[in-house]
Amino acid sequence: QAEDGIRDVERSRGLGDVYKRQILESRVDYAEVIQPVWTRNCTGCHEEPGPERGLVLVDPDPESTRRNIVNVYAAGPEFDSISPRHIRPYLPGRSYLWRKLRGTQLRGGALGEGARMPLNGGYLGAADMHLIESWIRQGAN
């Protein structure tokens with residue numbers, strides 16, 4: 001086994017392979033890469049004053065928006081114990097915001113509701129979706 005814990009390329013199977021792909025991919029910076037995606041696509045609905053469902057994705061301070069979504073429950077405090085988190089680091093499939101962007105929020109016990117985001121069919125392109133997924137898989141920092 002290598003010093004960094006990654007098994008030999010020829011013999012690696014399972015989660016080790018996933019881990020290697022995450023390490024080899026370029027680091028996705030939230031402020032420089034992800035925040036501009038939210039700003040381009042979520043302005044008007046998810047910004048102050050009065051953001052939809054209380055979810056602020058557009059703000060001059062990227063760290064503020066990151067803190068609004070990473071490890072934060074997607075429902076009010078009365079439902080925290082059963083609701084999914086907006087973004088679960090390393091787990092896009094268990095991240096409610098990711099599922100809303102893909103349109104899979106109503107499947108598989110996500111306790112989802114509503115329509116795919118962004119509304120009105122202006123869905124994110126493959127490149128933006130890949131960046132968001134990579135950011136989540138890298139730990140959503």
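Hey, can you tell me all the residues within the stretch 104-131 that are closer than 20 Å to HIS46 by Cα, in a loop (DSSP other than H, G, I, E, B) and open to solvent by 30 Å² or more (accessible area, probe 1.4 Å)?
GLU113, GLY114, ALA115, ARG116, MET117, GLY122, TYR123, GLY125
Mind checking which residues of the stretch 40-78 are of a type in the set (Val, Ile, Thr) and not in a loop (DSSP other than H, G, I, E, B)? Write out each step before concluding.
Residues of the stretch 40-78 of a type in the set (Val, Ile, Thr): 43, 56, 58, 65, 69-70, 72.
Matches in the stretch 40-78: VAL58, THR65, ILE69, VAL70.
Would you please list the contacts, defined by Cβ atoms under 7 Å and residues six or more apart or on different chains, that run from a residue in the stretch 40-68 that is free of Cβ contacts under 8 Å to residues at least 40 places away in the same chain to a residue that is open to solvent by 70 Å² or more (accessible area, probe 1.4 Å) and charged (D, E, K, R)?
Cβ pairs passing all conditions: HIS46/GLU52; VAL56/GLU48.
In the stretch 19-39, how many are closer than 18 Å to MET129 by Cβ and either at pLDDT below 95 or in a loop (DSSP other than H, G, I, E, B) (or both)?
Residues of the stretch 19-39 that are closer than 18 Å to MET129 by Cβ, as a first pass: 21-22, 25-30, 32-39.
Those still in the list that are either at pLDDT below 95 or in a loop (DSSP other than H, G, I, E, B) (or both) too: 21-22, 25-29.
Looking only at that region, the number is 7.
Only one residue in SER134, SER83 is of a type in the set (Ser, Thr, Tyr), open to solvent by less than 60 Å² (accessible area, probe 1.4 Å) and assigned to a helix (DSSP H, G or I), so which one is that?
Matching residue, one of SER134, SER83: SER134.
Starting from the stretch 117-141, keep only residues that are charged (D, E, K, R), then list their pairs with residues that are open to solvent by less than 80 Å² (accessible area, probe 1.4 Å) whose Cβ atoms are within a distance under 6 Å, requiring at least 6 positions of separation or different chains.
Close Cβ pairs satisfying both conditions: ASP128/VAL37; GLU133/PRO92; ARG137/GLN22.
The values are calculated or read from the model by the stated rules, or taken from the named source; none is laboratory data. Fair warning: this is a prediction, and the values are worked out from it, not measured in the lab. Glycine gets a Cβ as well: all are built from the backbone with ideal geometry, and neighbour counts include every protein chain shown. Heads up: the accessible areas ignore ligands, DNA and RNA and are worked out on the full protein's heavy atoms, side chains in. Shrake-Rupley method; radii C 1.70, N 1.55, O 1.52, S 1.80 Å.
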